[in-house]
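Chemist: This is the structure I want to talk about, given as structure tokens.
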Number of protein chains: 2
Amino acid sequence: MKATILTIGDEILIGQIVDTNSVSIAKHLNAAGIVVREKISIGDDRAQITGAVERALRMSEVTIVTGGLGPTKDDITKKTLAELFRSDMRYDERVAAHVERMLAERGIDFNELNRSQAMVPACCTVLFNAYGTAPGMWFERDGHVVVSLPGVPFEMEHLMQDEVMPRLKARFALRQIVHRTMITAGLPESMLAERIAAWESALPPYLKLAYLPNPGAVRLRLSAYEVEGDAAAREIERQFEALRRIIPRNVIGYETATMQELVHGILTRRGLTLATAESCTGGTIASRFTAMPGASAYFLCGVVSYSNEAKTKLLGVDPDAIARHGAVSEEVARQMAEGARRTASADYAVATTGIAGPAGGSAEKPVGTVWIAVASPSGTVAVRRQCGSDRGQIIDRASAFAIALLRDCLNGN
Amino acid sequence: MKATILTIGDEILIGQIVDTNSVSIAKHLNAAGIVVREKISIGDDRAQITGAVERALRMSEVTIVTGGLGPTKDDITKKTLAELFRSDMRYDERVAAHVERMLAERGIDFNELNRSQAMVPACCTVLFNAYGTAPGMWFERDGHVVVSLPGVPFEMEHLMQDEVMPRLKARFALRQIVHRTMITAGLPESMLAERIAAWESALPPYLKLAYLPNPGAVRLRLSAYEVEGDAAAREIERQFEALRRIIPRNVIGYETATMQELVHGILTRRGLTLATAESCTGGTIASRFTAMPGASAYFLCGVVSYSNEAKTKLLGVDPDAIARHGAVSEEVARQMAEGARRTASADYAVATTGIAGPAGGSAEKPVGTVWIAVASPSGTVAVRRQCGSDRGQIIDRASAFAIALLRDCLNGN
């Protein structure tokens with residue numbers, strides 16, 4: 001079973017928005033065993049929409065369209081699909097009542113534009129949008145399905161999950177798709193490929209291997225398309241077990257595993273507590289930990305000590321050390337980590353101090369220079385890292401290095 | 001001048017990654033006056049790649065391809081393009097020397113897979129990739145250009161900027177594209193459309209208006225394609241000036257303006273300082289401000305007081321108040337803001353305390369309940385906000401509400 005995803009909107013073609021709708025739709029379809037063959041993004045243009053839908057109908061059994069369903073003049077998807085399926089429009093009382101009620105709750109009058117949202121092609125099945133004013137629409141032609149969904153992400157998500165997927169599963173006999181991803185670190189892509197070449201060559205032909213390099217990590221994905229899911233999943237497990245024996249020190253987890261999840265797991269299992277003291281990373285390390293459910297069990301407190309006064313007052317950093325070595329120095333990083341550990345009575349504390357730029361760099365300490373320290377029951381370690389030249393990149397990399405150093409310390413490396 | 005963007009990789013079709021490369025490429029092309037007609041994503045499949053490139057050659061003058069250039073077996077873009085352009089492969093000494101040097105810096109041997117990265121189709125112009133091991137490639141056929149770039153975002157970005165765009169500008173006589181976006185708040189899309197209907201109808205036909213609704217904001221974009229840029233830009237300015245007079249209280253800025261940028265601007269201009277005290281938002285507010293260059297001029301410090309002890313010790317919150325009202329309460333939010341303001345000697349302080357979930361909710365204070373307070377020279381204000389049900393959404397919305405409350409206090413509302 002093949003699918004095409006079609007996202008409509010000039011904002012996609014000019015790079016004004018990042019298309020996350022198609023990511024979410026692809027995940028839903030894959031999870032149900034439907035293979036996405038192609039994703040297409042086009043503008044709010046009648047001829048283009050018609051052309052793309054006609055082509056999708058030829059290429060695949062299922063087409064999911066998002067966008068272009070708003071009440072304003074620039075949105076033409078509904079009208080265009082009605083023409084394509086040679087359908088009249090009808091007024092849907094249930095949609096009208098729902099739109100009117102939604103607006104009334106916000107104290108807004110039901111106007112002519114809202115009335116147009118309750119007009120739907122007579123030939124389609126209306127997919128009721130509980131969270132928005134634009135309904136979804138389900139069209140069929142010659143055994144092919146075309147679904148049109150609003151572009152607002154949480155409305156689209158609700159309709160995919162509650163309306164589209166149950167109908168697709170009922171409508172088609174679907175096989176299964178299995179993906180499983182191993183996250184490795186410490187080996188660049190070409191060395192990793194060389195190391196595991198024999199294993200790769202011996203993979204059964206229905207398993208497809210992909211290498212996905214990230215900064216600091218290479219993900220290895222095994223995929224099996226349209227198979228008996230349980231058997232394929234077991235075979236992938238076996239293959240990853242074998243792979244683990246070849247590169248035991250390089251596997252950091254599976255799927256979307258992140259370094260902070262690894263540390264989160266270690267701290268939680270061992271009942272240890274954590275504090276952070278951040279200068280250049282400005283709260284990013286704290287926010288990465290606190291974004292994870294259960295962080296309150298170990299995360300005691302974080303200090304974003306941007307000013308020197310805050311470093312002294314909240315973390316007990318010696319003002320002389322700042323004067324002598326500068327705020328971006330090994331000594332200050334160490335004192336920040338130790339101060340955070342002491343203040344919070346935490347088992348571990350991690351600290352960063354660096355030059356995020358664009359200003360503030362010097363020949364000796366250029367923009368991107370970051371000192372990172374971890375204080376623990378067994379002492380304090382500090383490292384200097386060069387984290388790039390762009391402010392966002394520096395904050396991101398310094399946070400990643402700091403969390404990795406914390407992992408090493410927790411593992412006693 | 002029309003372009004097609006083609007991104008290659010199974011990881012895109014299964015929803016494993018968000019395609020940001022095409023966003024960045026679209027911005028570059030638009031800025032140079034090249035209209036992106038379609039974006040297509042396909043898998044690492046020979047027939048699909050050939051079909052998509054052939055179709056792109058028919059549809060547009062320029063095709064930018066990313067992905068599938070890695071050294072491993074799953075990456076087949078280079079080989080497929082060589083076949084499509086009926087070209088032999090040749091060994092490029094400059095690329096080989098560069099790859100060898102890059103690897104040597106990291107202590108890695110040059111192996112057979114790396115050698116294959118220096119093989120390029122004889123018919124293409126090699127685009128030297130200073131930051132990676134896979135070179136870009138520039139093909140021409142019958143006046144059409146096809147460029148193949150690596151999928152690693154910062155390598156792709158470097159090649160687009162330093163190699164592709166200068167060559168496209170030299171190769172074609174390009175006109176201009178002008179986009180300008182106004183950010184509005186306080187009017188839902190249908191009411192806004194009604195309010196500005198007369199203005200919209202009177203727009204000159206070459207200006208295209210788009211409504212882009214976001215949670216809490218509607219963006220209005222005016223676009224002019226392939227025009228004389230200066231005249232179009234001036235006309236858009238005039239139209240937005242007229243629009244501003246129709247909805248004076250609803251315009252919060254232009255382009256990608258965010259609430260934190262607005263606050264950043266006010267604090268910087270007025271020489272005021274800021275501190276944060278975050279519980280449920282866990283450092284997100286601090287990180288939003290500190291992500292902006294120049295934040296160190298006003299951002300003094302932030303405290304992520306996850307534990308009650310941290311609230312008491314670092315912010316001076318009265319333990320009795322926590323015992324009596326609970327950590328998530330108006331009283332504690334007020335004391336956190338006042339404590340942060342006092343500790344940091346800041347002019348303004350913003351505090352959040354709430355239940356980010358998934359655990360910790362009750363009937364009286366369900367997951368998503370957040371108290372937000374701002375302490376300022378003129379006193380302290382606190383509001384309660386319901387911020388949704390998903391942990392990430394709650395953190396995001398609570399941070400946005402807090403920054404908006406800070407803006408209101410700075411504006412004396």
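Conditions tested, residue by residue: (1) among the acidic types (Asp, Glu); (2) buried (at least 22 other Cβ atoms within 10 Å of the Cβ); (3) more than 18 Å from B:Gly283 (Cβ to Cβ).
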site	(1), (2), (3)
B:Gly294	no, no, yes
B:Gly302	no, yes, no
B:Glu309	yes, no, no
B:Asp318	yes, no, yes
B:Glu330	yes, no, yes
B:Ala337	no, yes, no
B:Thr343	no, no, no
B:Ala346	no, yes, no
B:Thr353	no, yes, no
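Chemist: Is it true that B:Val35 is at the interface with chain A (Cβ under 10 Å from one of its Cβ atoms) and out of contact with any strand residue (DSSP E or B) (no Cβ under 9 Å at 6 or more places or on another chain)?
Modeler: no
Chemist: With the structure loaded, tell me whether B:Met165 is under 30 Å from B:Pro135 (Cβ atoms) and either touching a residue at least 40 places away in the same chain (Cβ under 8 Å) or not assigned by TED's automatic domain parsing to the domain that holds B:Arg234 (or both) or whether it fails that test. Outline the logic, then answer.
Modeler: Working: under 30 Å from B:Pro135 (Cβ atoms): yes; either touching a residue at least 40 places away in the same chain (Cβ under 8 Å) or not assigned by TED's automatic domain parsing to the domain that holds B:Arg234 (or both): yes.
Here the answer is yes, as B:Met165 does meet what is asked.
Chemist: Residues in the stretch A:12-21 that are farther than 14 Å from B:Ile5 by Cβ and in a helix (DSSP H, G or I): how many?
Modeler: 1
Chemist: Sort through B:Ser87, B:Ser22 and tell me the only one that's in contact with a Cys (Cβ under 6 Å, 6 or more places away or on another chain) and either surrounded by fewer than 22 Cβ atoms within 10 Å (Cβ to Cβ) or not assigned by TED's automatic domain parsing to the domain that holds B:Tyr225 (or both).
Modeler: That would be B:Ser87, the only listed residue that is in contact with a Cys (Cβ under 6 Å, 6 or more places away or on another chain) and either surrounded by fewer than 22 Cβ atoms within 10 Å (Cβ to Cβ) or not assigned by TED's automatic domain parsing to the domain that holds B:Tyr225 (or both).
Chemist: Quick one: A:Gly186 ticks every box in (1) loosely packed, with under 14 Cβ neighbours inside 10 Å; (2) not assigned by TED's automatic domain parsing to the domain that holds A:Asn30 bar one, so which box is it?
Modeler: Every condition holds for A:Gly186 apart from (1).
Chemist: Which condition number does B:Lys2 fail, the rest of (1) under 27 Å from the mean Cα position of the chain (by Cα); (2) within 8 Å of chain A (Cβ to nearest Cβ) being met?
Modeler: All conditions pass for B:Lys2, except number (2).
Chemist: How do the helices (runs of 4 or more DSSP H) wholly within the stretch B:289-391 filter down when requiring 2 or more residues that are in contact (Cβ under 8 Å) with a residue 40 or more places away in the chain and on the phi < 0 side of the Ramachandran plot: which remain?
Modeler: So the answer is B:330-344.
Chemist: Moving to a separate point now. What number of residues within the stretch A:226-244 satisfy the criterion of being farther than 15 Å from A:Ile196 by Cα and of a type in the set (A, V, I, L, M, F, W, C)?
Modeler: Counting residues in the stretch A:226-244 that are farther than 15 Å from A:Ile196 by Cα and of a type in the set (A, V, I, L, M, F, W, C) gives 5.
Chemist: Pull out all pairs, ordered by first then second residue, where Cβ-Cβ is under 7 Å, the residues are six or more apart or on different chains, the first lies in the stretch A:1-23 and is hydroxyl-bearing (Ser, Thr, Tyr), and the second is part of a helix (DSSP H, G or I).
Modeler: That search, which allows pairs on different chains as well, returns A:Thr4/A:Ala56; A:Thr4/A:Met59; A:Thr7/A:Asn21; A:Thr7/A:Ser22; A:Thr20/A:Pro153.
Chemist: Additional query: Name the residue that is farthest from A:Ala231 (Cα to Cα), counting only residues in the stretch A:149-175 that are touching a strand residue (DSSP E or B) at 6+ places or on another chain (Cβ under 6 Å) and either crowded, with 18+ Cβ neighbours inside 10 Å or small (Gly, Ala, Ser) (or both).
Modeler: Taking the stretch A:149-175 as the starting set, the residues that turn out to be touching a strand residue (DSSP E or B) at 6+ places or on another chain (Cβ under 6 Å) are A:149, A:151, A:156, A:159, A:163-164, A:175.
Next, from what is left, pick out any that are either crowded, with 18+ Cβ neighbours inside 10 Å or small (Gly, Ala, Ser) (or both): A:149, A:151, A:156, A:159, A:163-164.
Working: A:Leu149: 35, A:Gly151: 37, A:Met156: 33, A:Leu159: 31, A:Glu163: 29, A:Val164: 27 Å.
Result: A:Gly151.
Chemist: May I ask you to list the residues in the stretch B:241-264 that are of a type in the set (A, V, I, L, M, F, W, C) and buried (at least 17 other Cβ atoms within 10 Å of the Cβ)?
Modeler: B:Leu243, B:Ile247, B:Val251, B:Ile252, B:Ala257, B:Met259, B:Leu262, B:Val263
Chemist: Here are the criteria: (1) among the hydrophobic types (A, V, I, L, M, F, W, C); (2) crowded, with 21+ Cβ neighbours inside 10 Å; (3) within 14 Å of chain B (Cβ to nearest Cβ); (4) not in a helix (DSSP H, G or I). Tell me which single one A:Val99 does not satisfy.
Modeler: Only one criterion is unmet by A:Val99, namely (4).
Chemist: Considering the stretch A:337-364 alone, what residues qualify as being within 12 Å of chain B (Cβ to nearest Cβ) and of a type in the set (A, V, I, L, M)?
Modeler: A:Ala340, A:Ala344, A:Ala346, A:Ile355, A:Ala356, A:Ala359
Chemist: While we're on this one: Just to be sure, is B:Ser22 facing another protein chain (nearest Cβ under 9 Å) and within 19 Å of the chain's Cα centre (by Cα)?
Modeler: Judged against the criteria, B:Ser22 is a match.
Chemist: Give all pairs with beta carbons closer than 9 Å in which a residue from the stretch B:130-154 that is over 22 Å from B:Met89 (Cβ atoms) and outside any strand (DSSP E or B) meets a residue that is of a type in the set (Ser, Thr, Tyr) and at pLDDT 95 or above; count only pairs at least 6 apart in sequence or on separate chains.
Modeler: Pairs found: B:Pro153/B:Ser24.
Chemist: May I pose another question? Failed condition for B:Gly271, given (1) in the same structural domain as B:Ala295 (by TED's automatic domain parsing); (2) touching a residue at least 60 places away in the same chain (Cβ under 8 Å), with all others met?
Modeler: (2)
Chemist: Would you pick out the residues in the stretch A:208-219 that are more than 8 Å from chain B (Cβ to nearest Cβ) and either surrounded by 18 or more Cβ atoms within 10 Å (Cβ to Cβ) or touching a helix residue (DSSP H, G or I) at 6+ places or on another chain (Cβ under 6 Å) (or both)?
Modeler: Residues satisfying the conditions are A:Ala217, A:Val218, A:Arg219.
Chemist: Restricted to the stretch B:279-288, and to residues that are assigned to a loop (DSSP other than H, G, I, E, B) and more than 7 Å from every other protein chain (Cβ to nearest Cβ), which residue is farthest from B:Ala398 (Cα to Cα)?
Modeler: So the residue we want is B:Ser279.
Chemist: Hey, another quick one. Quick one: how many residues across the stretch A:252-278 are among the small types (Gly, Ala, Ser) and either in a helix (DSSP H, G or I) or over 21 Å from A:Ser376 (Cβ atoms) (or both)? Outline the logic, then answer.
Modeler: Step one: list which residues in the stretch A:252-278 are among the small types (Gly, Ala, Ser), which gives A:253, A:257, A:265, A:271, A:275, A:277.
From what is left, the residues that are either in a helix (DSSP H, G or I) or over 21 Å from A:Ser376 (Cβ atoms) (or both) are A:253, A:257, A:265.
The qualifying residues number 3.
The values are calculated or read from the model by the stated rules, or taken from the named source; none is laboratory data. This structure is a prediction, so every number in the text was calculated from the model and none was measured. Cβ: placed from backbone, ideal geometry, glycine included. Neighbour counts: every protein chain shown.
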